[in-house]
Amino acid sequence: QGPQPEPQLGDLIEIFRPFYRHWAIYVGDGYVVHLAPPSEIAGAGAASLMSALTDKALVKKELLYEVAGRDRYQVNNKHDGKYSPLPPGKIVQRAEELVGQEVLYKLTSENCEHFVNELRYGVARSDQVRDALMTAGIAGVGLAAVGLIGVMLSRNKRQKQ
């Protein structure tokens, strides 16, 4: 892999982790802003994938080469055909304003791919999650329903007391 062309401001960067893809947004001078879930912090790896389901994530601004580490990355503004990106200055400004904030991290809805799409286009979407859900299919839906029923039951108990 030769030297990468310098990303443009507001470009989405796709980083190829061993088991999934991580996404960041380029904000200039070699820096990216990205959503760092617990699994991204200090290379915690697959063990923390479970904790990533419900944990909080931190919006971080770090050097792209440090975030990518040994993993390959590429610029991938894959929704440009479907949505028009916001002006680069606006994307960068929106990203910078979020740095240091903690956000609730759910693998299915507020993941790092949604985060960067939201910043670039003003819409949140993730093909990664859609594909994973297709694969997980009914099992995941069943678990979610069980969880929901559990919450409702415990609420009912509390109201009766």
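The values are calculated or read from the model by the stated rules, or taken from the named source; none is laboratory data. From a predicted model like this one, the values you see are computed outputs, not experimental measurements. Glycine also receives a Cβ, built like all others from the backbone with ideal geometry; neighbour counts cover every protein chain displayed. These accessible areas exclude ligands, DNA and RNA; they are computed on the full protein's heavy atoms, side chains included. Shrake-Rupley method; radii C 1.70, N 1.55, O 1.52, S 1.80 Å.
Give the number of residues within segment 61-86 that are without any contact (Cβ under 8 Å) to a residue 40 or more places away in the chain and more than 16 Å from R21 (Cα to Cα). Result for segment 61-86: 7. Here's a check for you: in segment 23-39, which residue that is buried (at least 23 other Cβ atoms within 10 Å of the Cβ) and modelled with pLDDT under 90 is nearest to the chain's Cα centre (by Cα)? Restricting to residues being buried (at least 23 other Cβ atoms within 10 Å of the Cβ) and modelled with pLDDT under 90, the top hit is L35.
Annotation note: Cβ proximity below 8 Å between a residue of segment 5-22 that is over 23 Å from S84 (Cβ atoms) and a residue that is of a type in the set (G, A, S) and at pLDDT 85 or above (sequence gap 6+ or interchain) occurs for I15/A24; I15/A68.
Yes/no matrix, rows are residues, columns are (1) touching an Asp or Glu at 6+ places or on another chain (Cβ under 9 Å); (2) open to solvent by less than 70 Å² (accessible area, probe 1.4 Å); (3) modelled with pLDDT under 90:
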{"site": "A44", "(1), (2), (3)": "no, yes, yes"}
{"site": "S51", "(1), (2), (3)": "no, yes, yes"}
{"site": "V59", "(1), (2), (3)": "yes, yes, no"}
{"site": "V75", "(1), (2), (3)": "yes, yes, no"}
{"site": "P87", "(1), (2), (3)": "no, no, no"}
{"site": "V92", "(1), (2), (3)": "no, yes, no"}
{"site": "E97", "(1), (2), (3)": "no, no, no"}
{"site": "E113", "(1), (2), (3)": "yes, yes, yes"}
